[in-house]
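The values are calculated or read from the model by the stated rules, or taken from the named source; none is laboratory data. Nothing here was measured: the structure is a model prediction, and the numbers come from that model. No Cβ is skipped: glycine too gets one built from the backbone with ideal geometry, and neighbour counts run over all protein chains shown. In case anyone asks, the SASA skips ligands and DNA or RNA and just uses the protein heavy atoms, side chains included. Shrake-Rupley method; radii C 1.70, N 1.55, O 1.52, S 1.80 Å.
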Amino acid sequence: KEWFPDFYTEKKHWYGLRIQGDSMTSTTAPSFSENDIIIVDPEKEVEPGDFVIALANNSKELMFKQFVVDAGIKYLKPLNPQYPIMPIDKNTKIYGIVTMRFTTFLNGNNREKQSFKSASRNLPADI
């Protein structure tokens, strides 16, 4: 387990997940890197364009994707075009909306630093 300070919220039901893989990495913003930590609100209502945590098609592994609606059909979309867009069916469960992320990077002294950015309904280009 890793612990993060709760200075960003008083909501006790929020939780964090570490990103694994590159399906949400993009050459344009927004882009989420492997080992970034995302903060999830399980009670927020999902809207098109939100980044979500989902369990699809009886899978045993949670996914981090963008929720998209096109012509009334709902999809889970990776930001990396090398991965397929997945239609949402009756077996897909959304577990929460990503509200914030922490990014770990190395500075000039090879020491890790962390920064964080909030996610919102209208994500800024530099998330």
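In table form, for the structure just shown:
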read-out: Matching residues, the stretch 67-78, being within 13 Å of the chain's Cα centre (by Cα) and either open to solvent by less than 30 Å² (accessible area, probe 1.4 Å) or free of Cβ contacts under 8 Å to residues at least 12 places away in the same chain (or both); value: 67, 76, 78
read-out: Residues satisfying the stated conditions in the stretch 31-48, i.e. of a type outside the set (Ser, Thr, Tyr), assigned to a loop (DSSP other than H, G, I, E, B) and touching a residue at least 60 places away in the same chain (Cβ under 8 Å); value: 32, 35, 36, 47
read-out: Qualifying positions in the stretch 20-61 - open to solvent by 30 Å² or more (accessible area, probe 1.4 Å), of a type in the set (A, V, I, L, M, F, W, C) and modelled with pLDDT of 95 or more; value: 46
